[in-house]
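One structure below.
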Amino acid sequence: MANLSSPNRMLAFLFLTLVQIQSKVFCYQYKVGDLDAWGTPTSSNPQLYKKWSTHQNLTIGDSLLFLYPPSQDSVIQVTEESFVKCNIKDPILYMNNGNSLFNITSKGQFYFTSGVAGHCQKNQKLHIAVGEGIISENVDSADAAPASAPSYPTVFGNIPVAASTSTPATSTSSQLTSTFQVLIIGFLISAFFSSLCEY
């Protein structure tokens with residue numbers, strides 16, 4: 001075991017431990033609809049939220065941010081049956097502050113719609129699936145896109161996605177994390193050896 005009696009060595013060891021812990025915990029906040037705020041979809045993009053949800057890889061710890069004018073709209077979490085029937089009575093959760101944040105704390109299917117009468121019927125509703133092996137039943141195969149596709153293709157145009165043979169969609173994120181870890185570890189090792197040379 002390494003001798004951690006030196007303050008520099010102890011500090012380097014603690015920093016390295018912190019980096020290792022933090023590299024495994026990534027939580028993201030997703031703005032529902034990306035560049036579009038939470039509202040009734042336009043006639044040119046009626047399936048906005050259905051398409052948006054298919055492009056997200058949500059995990060436990062992530063958050064959904066719903067932005068809307070509080071005097072004009074709200075967000076409610078509902079059951080699957082209420083989602084399908086656009087029943088806005090007796091919601092599971094009601095949010096109406098215009099800056100509503102929903103924290104994902106478990107795997108499963110989550111259903112949201114506007115709390116304003118008539119908005120759900122105009123497709124202002126969102127279904128998300130969280131967890132491995134959970135597939136959204138409400139997504140048409142024609143609307144589905146590759147898991148690595150951008151969630152805003154209509155704003156910036158289509159972005160070409162390289163075909164992968166057996167590489168999972170999260171490999172880019174893993175590669176960036178690994179690269180970051182290697183850089184930090186390299187920096188710490190060089191700082192450690194430079195401090196040894198001072199003695």
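No value in this document is a laboratory result; all are computed from the given coordinates. These figures come from a predicted structure and were not determined experimentally. With ideal geometry, Cβ positions are generated from the backbone for all residues, glycine too; neighbour counts draw on all protein chains shown.
Simple spin-label estimate for Arg9 and Asn96 gives 6.3 nm between the two label positions (7 Å along the Cα-to-Cβ direction from each Cα). In straight Cα distance, which lysines are under 19 Å from Lys51, not counting same-chain residues fewer than 8 positions off? Partners found: Lys31, Lys122, Lys125.
Could you give the alpha-carbon Rg of the stretch 81-127 over 2.2 N^0.38 Å, rounded to two decimals? Working shown, then result.
Working: Rg = 10.9 Å, N = 47, 2.2 N^0.38 = 9.5 Å.
Expressed relative to 2.2 N^0.38 Å, the Cα Rg reads 1.15.
Beyond 15 Å, what share of the Cα-Cα pairs of the stretch 38-118 remains, rounded to the nearest whole percent? That tail contains 60 percent of the Cα-Cα pairs.
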